[in-house]
1. Rounded to the nearest 500, what is the chain's calculated 222 nm mean residue ellipticity when only DSSP H runs of at least 4 contribute -39500 (n - 2.57) each, over all residues?
2. With a point put 7 Å past each Cα toward its Cβ, work out how far ASP86 is from CYS112 in nm, to one decimal.
3. Springs between alpha-carbon pairs under 10 angstrom, Gaussian network model over the chain: which of ARG75, ARG23, ARG33 fluctuates most?
4. Measure off 7 Å from each Cα along the Cα-to-Cβ vector at LEU54 and ASN72, then give the distance between these two points in nanometres to one decimal.
5. Nothing charged except the Cβ atoms of Lys and Arg (+1) and of Asp and Glu (-1): what's the magnitude of the dipole of the chain about its Cα centre? Round to the nearest 20 debye.
6. Volume per residue, Å³, of the convex hull around the alpha-carbon atoms of the stretch 3-120?
7. Give me the distance in nm between label points sitting 7 Å out from Cα along the Cα-to-Cβ direction at GLU35 and ARG18, one decimal.
8. Using only Cα atoms, what is the ratio of the radius of gyration of the stretch 39-87 to 2.2 N^0.38 Å?
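Here, each number is a calculation from the coordinates, and none is a lab measurement. This one's a predicted model, so the numbers in the text were calculated from it and none came from an experiment. All Cβ positions, glycine included, derive from the backbone under ideal geometry; neighbour counts span all protein chains shown.
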Amino acid sequence: MAKLLIVDDDPGFLEYVRLASQRLGLEMQGFTRPEDFLSFVDGGVADIAIIDGLLPKMDGMKLLSQLKGHPNRPRRIIFLSHFFKDLKSHQQIQQLGADVILHKPITFDRLCSELENLVRK
């Protein structure tokens with residue numbers, strides 16, 4: 001069973017992702033604080049991570065930069081954003097290691113499709 005980590009400060013979105021992970025048979029662990037996410041990553045390995053662009057105390061790009069080169073970095077990363085929509089931001093996010101960039105709001109079917117594609121890679 002593939003392991004999915006998500007860090008997003010919106011509990012409603014965490015539940016949304018939990019439903020998608022259940023549909024796909026993924027084991028999910030959710031975090032609302034980036035420091036808790038990083039602590040978890042320090043102790044284990046995950047297949048996929050979903051990182052929100054706007055988080056308390058640390059934005060998603062900074063979190064991505066801390067994961068780059070980390071020995072337990074998740075194999076695949078989805079970056080979520082409301083605001084990082086310009087080409088330069090997309091290039092920076094990809095250089096930091098994001099495999100997929102999704103813009104909120106995202107439909108349930110699209111979320112499931114992207115997760116399924118990453119599980120297969």
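1. On the way: 5 runs with 54 residues, N = 121.
So the calculated ellipticity at 222 nm is -13500 deg cm²/dmol.
2. With each label placed 7 Å out from Cα toward Cβ, I get 3.7 nm.
3. ARG23
4. 3.0 nm
5. Numbers: 16 positive and 16 negative charges, 75 e Å.
Here the size comes out at about 360 debye.
6. Working: hull volume 10.9 nm³, N = 118.
So the per-residue Cα hull volume is 92 Å³.
7. The two pseudo-label positions are separated by 2.4 nm.
8. Details: Rg = 11.2 Å, N = 49, 2.2 N^0.38 = 9.7 Å.
Normalised Cα radius of gyration, the stretch 39-87: 1.16.
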